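Read through the structure below, which is laid out as structure tokens, and then see the notes.
The values are calculated or read from the model by the stated rules, or taken from the named source; none is laboratory data. Remember, predicted model here, so these are calculated numbers, not experimental data. Cβ placement follows ideal geometry from the backbone for every residue including glycine, while neighbour counts extend to all protein chains displayed. Ligands, DNA and RNA are stripped out before the accessible areas are found, and what is left, the full protein with its side chains, is counted by its heavy atoms. Shrake-Rupley method; radii C 1.70, N 1.55, O 1.52, S 1.80 Å.
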Amino acid sequence: PRLDTAVGFYLEGLVTLDRAQSAELKRVLAGNLEWHRRSELARYSAFLRELAGDVEGGAGPEEWRQAIRRAEQYWREVFEQAAPGYAAVAATFSDAQVGELLANLERRDAEERREHESRSPAERDARREKSVRRALERFAGPLTAEQRALVRAHVAASPSFVPEWLDNRRVWREALADALAVRDRRAEFDARMRVLVARPDELWTAQYRAAVERRTAALVELMAGIDAT
């Protein structure tokens, strides 16, 4: 129920909005949240009950693949709905605001890269293992020794793709800069923003797409393995 506030803080941490832009962003986010409550929550509930039934009966890799695809589709629809409002706010940016936004995005990505490169491979694996284990334990409770071993094997077999992700982020930032350069041509700008916000996979590099596919396949195997225990 506070997602609109969280998104607002995130966006206003990237670019300084004037009073009118801030008010418009709040209106857009409130509308997004109301649409989400009205249109999506019952669909999520039905999906999760169906998934729970699959898990109760013993979900295999195909059931988990289908669940991931449906979750991705729900996620896409959230941003398809949100894209026009974000575009409307961004279309009012001054050149100074565009420069501030792009500089902040680049700075954050540089910080992510430095943080990633400062850790050894063993430290990265340990952090990922802890993150995956905690995510599973939110739903399943404490994992057994056998299940923790499955998580450890999953991390070892599916290396981090942070470098590919950051390289892809650079491609996305460049596409955003190109879009903002034509924000006075609204039809073209809106179409570009729709891709950037709702269909960023259309901009993925081949390396990042392959990394995502490898990670998804590994996650499916992990979930099926955990489910079997």
Which log10 I(q)/I(0) values, to two decimals, does segment 184-225 give at q = 0.29, 0.32, 0.34 Å⁻¹ under the Debye formula with one point per Cα? -0.90, -0.96, -1.01
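Hey, got the dipole for segment 99-139? About the Cα centre, +1 on K and R Cβ, -1 on D and E Cβ, debye to the nearest 20? Walk me through the numbers on the way to the answer.
Working: 12 positive and 11 negative charges, 62 e Å.
About 300 debye.
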Cβ-Cβ cut-off under 14 Å around residue 35, Lys and Arg +1, Asp and Glu -1: the net charge is -1
Just want to confirm a number: the relative contact order over the chain, from Cα pairs under 8 angstrom separated by 6+ residues, in percent. 31
State in Å² the accessible area per residue of the chain; use a 1.4 Å probe, count heavy atoms of protein chains only, and round to the nearest integer. 60
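Viscosity 0.890 mPa s, temperature 25 °C: Stokes-Einstein D of the chain from its Kirkwood Cα radius, in µm² per second?
Details: Rh = 20.1 Å.
The calculation lands on 122 µm²/s.
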Quotient of C-alpha Rg and 2.2 N^0.38 Å, computed over segment 60-121: 1.73
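For segment 97-229, what D do you get in µm² per second when you plug the Kirkwood radius from alpha-carbon pairs into Stokes-Einstein at 25 °C and 0.890 mPa s? Spell out each step's value before the answer.
Details: Rh = 17.2 Å.
Approximately 142 µm²/s, per Stokes-Einstein.
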Could you give the angle, 0 to 90 degrees to the nearest 10, between helix 95-117's Cα long axis and the longest principal axis of the Cα atoms of the chain? 20
With angles folded into 0 to 90 degrees, how steeply does helix 3-12 sit against the dominant principal axis of the chain? Use alpha carbons for both and round to 10. 50
Note: segment 136-211, point scatterers on Cα, Debye, no solvent; log10 I/I(0) at q = 0.15 Å⁻¹ equals -0.68
Give the separation of the Cα centroids, segment 45-110 to segment 184-229, in Å. 9
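What FRET efficiency do you get for residue 107 and residue 56 if R0 is 35 Å and r is their Cβ-Cβ distance, rounded to the nearest 0.05? Before the final figure, lay out each step's value.
Working: r = 47 Å, r/R0 = 1.34.
Efficiency, from the Cβ-Cβ distance: 0.15.
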Relative to the chain, whose Cα atoms define the longest principal axis, helix 145-157 and its Cα axis are tilted in degrees, nearest 10, by 50
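Take the Cα pairs of segment 1-61, get the Kirkwood Rh, then feed it into Stokes-Einstein at 4 °C and 1.567 mPa s and tell me D in µm²/s. Walk me through the intermediate numbers first.
Details: Rh = 14.1 Å.
Translational diffusion coefficient: 92 µm²/s.
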What percentage of the solvent-accessible surface of the chain, computed with a 1.4 Å probe over protein heavy atoms, is contributed by carbon and sulfur atoms? 56
Positive-end extreme of charge dipole, the chain - chosen from 154, 198, 212 (charges on Cβ): 154
Expected unfolding gain across residue 39-residue 116 under the 0.36 nm per residue rule, minus the alpha-carbon gap, is 23.9 nm
